[in-house]
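The structure appears right after this line, and notes come after that.
The values are calculated or read from the model by the stated rules, or taken from the named source; none is laboratory data. As the structure is a computational prediction, the values presented were derived from the model and not from experiment. Cβ placement follows ideal geometry from the backbone for every residue including glycine, while neighbour counts extend to all protein chains displayed.
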Amino acid sequence: MFSELRSWLAIGSVVLLGALALLQHWLADRRPAPTQSRAAHEFVVTSSEDQGPGSLREAILAADTAEGRARIVFLIKRVALKTPLPPLVNMRGIAIEAPEEGAEIDARGLDVGPVLDVDARNSSIVAIAIRNAPQQAILVRADGFELRSATVERSDEGLYVADGIKDVLVEGTRFAHNRIGVRLVSSDPGIVLRGNRFVGHREAAVWAVRREFGSRSARKAMVRDNHFEDDRISLVLGNAPVVVEHNEFSGQHEAALYLVGQGVVVRENRIRNGAGSGIIVDGVQGAVIEANELDRNSVLAILVRGSRNTLVQGNRIHNNGYGIAFVLGDSSSPTVARENLLLSQRYDGIIVIGDAPVIGHNQIRNSRLAGIRLLDFFPLSGAKIPTHPFLEGNVWAGNALNEPVRGEYRQTRPQTAQ
C-alpha cells in the first residue's frame with residue numbers, strides 16, 4: 001500500500017497539482033495505564049560497554065528474570081551497542097529511565113533488529129535518546145507502553161506499535177531525521193501522541209495505514225498538541241480512526257496530512273509554509289476537516305479527490321496557491337464545504353474538476369484569479385465527467401473574477417524520464 005501511496009504522491013500530486021498551479025474535546029479518551037511508581041527490583045547501568053558487568057545488556061537480562069516489576073536506571077551518559085539487546089519480557093513490566101539530563105543508546109553498530117524490543121506489559125522508557133537504529137528504535141509488542149521525554153533520531157523507524165496493541169502514550173518526545181518517526185500498525189483508540197516534536201522525516205513523521213477500517217468504536221486514537229516541521233509528509237493516515245487536533249505543521253515538502261480510507265477527524269490545526277499542499281484527502285469516506293487554519297502553502301490548501309461524505313467546514317484559508325480543490329468525487333454522496341473563509345489565494349479560491357460538491361455559505365475574497373473555477377473532466381478515454389456543484393449562499397468579493405469561470409480539464413499522460 002505504501003508504494004501505491006508514493007506513486008500517487010509522486011505522479012498524481014505533481015501532475016494534477018502542477019496543472020492546477022497553472023490554471024476541550026475528546027482528550028479524555030482512555031489514557032494508557034500509568035506506569036507504577038514503585039518497582040520490586042532496580043538495576044543500574046554503570047558501563048558504556050556492549051556487555052559485561054554494569055552493562056545495559058546485563059541489566060535487561062536481570063530485569064527479565066526478576067520476580068516482580070523491574071526498573072533499569074542509567075548512571076552513565078552513553079551506551080554504544082555492537083550486538084542486539086535481549087527483549088524486555090518481564091510480565092510485570094520494565095521501566096528504563098535516565099536522570100533528567102538523559103542518556104543515549106547509540107545503535108550504529110547494529111545491522112538488524114530493533115534497539116529496544118518491548119514485549120512486557122506496562123513498560124516505560126523515560127529520558128532516553130536512541131540514535132542510528134538500522135530498523136526500529138523501539139518495537140512495542142505489549143499493552144500499556146509509555147514513551148516520555150525521550151529522543152529518537154537518525155533511525156529507520158523511531159517507534160513501531162504492532163497490531164492489536166492497546167494503551168500507548170507517547171508524550172514530550174522528539175523524533176528527528178528518521179525515515180518514519182512513528183508507525184502505528186495498531187489502531188486502538190487508547191493510543192495517544194501528545195506534545196511531541198517531529199522534524200525532518202524522509203517519508204512520514206507518523207504512518208498509520210491499515211488495509212481495512214480498524215475500529216467501529218466512537219472513541220478514536222489521538223494526535224494532539226504536537227509540532228511537525230520539515231517532513232516530507234507529516235501524517236499518513238489510512239483507515240485509522242484518529243482525531244488530529246491542535247497540532248502545528250510547517251514547512252512540509254509534499255503535504256502536512258495525507259488521508260485515505262475513513263475514520264479521520266482533522267480539527268483546529270495550523271498548517272503553514274508547505275512547499276506542496278496542506279491536506280490531501282484521497283479516496284476518503286466520512287472525513288471531517290474542520291476549523292483549521294491553512295496559510296502560505298505553495299500549491300494548495302486542501303485537495304479532496306475521489307472522496308465521499310466528507311465535510312470541509314469552518315476552515316480559515318489564506319495566502320496559498322489555490323484554496324480548495326474538489327476532484328472526481330462521488331456525486332451520489334457529495335463532499336460538503338460550508339462556512340469556510342478563503343482570503344487572498346494566489347490563483348483560484350475554489351476549483352472543481354469533474355465533481356459535484358455542495359458549496360454553501362463560504363466567503364471567498366480577493367483571489368488573484370477566479371473566486372471559483374468549474375472544469376469538466378476529459379479522461380484519456382471514456383466520456384466527459386461534467387462539473388456541476390450545488391452553490392448556495394456564498395459570498396464572492398474582490399476576486400479578479402467573481403462569477404464562476406467555466407472550462408475543461410483534459411487528462412494527459414505523465415511524461416517519462418528520457
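Would you mind stating whether L294 is under 23 Å from Y347 (Cα atoms) and of a type outside the set (K, R)?
yes
Consider the stretch 335-377. How many of its residues are surrounded by fewer than 17 Cβ atoms within 10 Å (Cβ to Cβ), touching a Ser or Thr at 6+ places or on another chain (Cβ under 9 Å) and closer than 15 Å to I317 by Cα?
Residues that pass the stated criteria total 3.
Which of the residues spanning the stretch 62-85 are assigned to a helix (DSSP H, G or I) and surrounded by fewer than 22 Cβ atoms within 10 Å (Cβ to Cβ)?
If the condition is that a residue be assigned to a helix (DSSP H, G or I) and surrounded by fewer than 22 Cβ atoms within 10 Å (Cβ to Cβ), then A62, D64 are the ones that fit.
Working carefully through the options E254, E290, find the one that is closer than 18 Å to E229 by Cα and not aromatic (F, W, Y).
E254
Taking the conditions exactly as written (in contact with a Gly (Cβ under 9 Å, 6 or more places away or on another chain), under 20 Å from T335 (Cβ atoms), among the small types (G, A, S) and modelled with pLDDT of 95 or more), does G398 satisfy them or not?
No, not satisfied.
Only residues that are in contact with a strand residue (DSSP E or B) (Cβ under 7 Å, 6 or more places away or on another chain) and part of a loop (DSSP other than H, G, I, E, B): list them for the stretch 275-290, please.
Selection gives G276, G286, A287.
Which of the residues belonging to the stretch 405-418 are modelled with pLDDT of 95 or more and either over 29 Å from N366 (Cα atoms) or buried (at least 16 other Cβ atoms within 10 Å of the Cβ) (or both)?
Result: V405, single match.
So that you can scan it fast, the table gives a plain yes or no per residue for (1) under 21 Å from A287 (Cα atoms); (2) part of a loop (DSSP other than H, G, I, E, B):
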| position | (1), (2) |
| --- | --- |
| L342 | yes, no |
| Q345 | no, yes |
| I351 | yes, no |
| D355 | yes, yes |
| I359 | yes, no |
| L375 | no, no |
| S381 | no, yes |
| W396 | no, no |
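Residue-wise test of (1) more than 15 Å from the chain's Cα centre (by Cα); (2) under 19 Å from D330 (Cβ atoms); (3) surrounded by 21 or more Cβ atoms within 10 Å (Cβ to Cβ); (4) of a type in the set (A, V, I, L, M).
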position	(1), (2), (3), (4)
V264	no, yes, yes, yes
R270	no, no, no, no
S277	no, no, yes, no
E290	yes, no, no, no
D295	yes, no, no, no
S298	yes, no, no, no
A301	yes, no, yes, yes
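Among the strands (runs of 3 or more DSSP E) confined wholly to the stretch 294-340, which include 3 or more residues that are out of contact with any helix residue (DSSP H, G or I) (no Cβ under 8 Å at 6 or more places or on another chain) and of a type in the set (A, V, I, L, M)?
300-305
Identify all residues within the stretch 97-116 that are among the small types (G, A, S) and either assigned to a loop (DSSP other than H, G, I, E, B) or in contact with a His (Cβ under 8 Å, 6 or more places away or on another chain) (or both); write none if there are none.
Across the stretch 97-116, the qualifying residues are A98, G102, A107, G109, G113.
Just give me the residues in the stretch 228-243 being surrounded by fewer than 24 Cβ atoms within 10 Å (Cβ to Cβ) and part of a strand (DSSP E or B), in sequence order.
E229, V243
Of the residues that make up the stretch 244-262, is at least one in contact with a Pro (Cβ under 8 Å, 6 or more places away or on another chain) and not β-branched (V, I, T)?
Scanning the stretch 244-262 turns up no residue that is in contact with a Pro (Cβ under 8 Å, 6 or more places away or on another chain) and not β-branched (V, I, T).
Taking the stretch 244-274 only, how many residues are in a strand (DSSP E or B), at pLDDT 95 or above, in contact with a Leu (Cβ under 9 Å, 6 or more places away or on another chain) and farther than 13 Å from A205 by Cα?
So the count comes out to 7.
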